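Q: Let me give you the structure first, and then I'll get to my questions.
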């Protein structure tokens, strides 16, 4: 959202999605192989890069403005309800003196 505000002519089309996905996946695979981590990270490399550039593409396709509800979600903390406290074997640390 911020990038589009700063640089409105920015574009990320389907060609960019495939080009950047493929080149980044190949680079990640190369580096993982050199570090002996290829088998451990093989699937996650594909998944991460796909989601990274899919999100970028979807963000560039979005034409709506930021709504007050979206801004509230991003920038303001929601009230959190306390979970039911369970019995603890140890007293919690009290940081405030009474």
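Q: How large is log10 I(q)/I(0) at q = 0.22, 0.24 Å⁻¹ when the Debye formula is applied to the Cα atoms of the range 10-62, each weighted equally and without solvent?
A: Computed log10 I(q)/I(0) values: -0.75, -0.83.
Q: Listing 21, 27 from the residue with the fewest other Cβ atoms within 10 Å to the one with the most, what is the order?
A: Numbers: 21 18, 27 12.
Result, fewest neighbours first: 27, 21.
Q: Further question on the same structure: Can you put 60, 31 in order, fewest other beta carbons within 10 Å first? Provide the component values of the computation, followed by the final result.
A: Details: 60 16, 31 13.
With the fewest neighbours first, 60, 31 line up as 31, 60.
Q: For 56, 23, which order do you get if you count the other beta carbons within 10 Å of each Cβ and list the fewest first?
A: 23, 56
Q: Sticking with this one: Can you tell me the length gained on complete extension of the stretch residue 48 to residue 95, counting 0.36 nm per residue apart and subtracting the Cα distance?
A: Details: separation 47, 0.36 × 47 = 16.92 nm, distance 4.06 nm.
Full-extension gain reported as 12.9 nm.
Each value in this text was obtained by applying a stated rule to the coordinates, not by laboratory testing. Not measured: the values here are computed from a predicted model. Neighbour counts run over all protein chains shown; Cβ positions are idealised from the backbone, glycine included.
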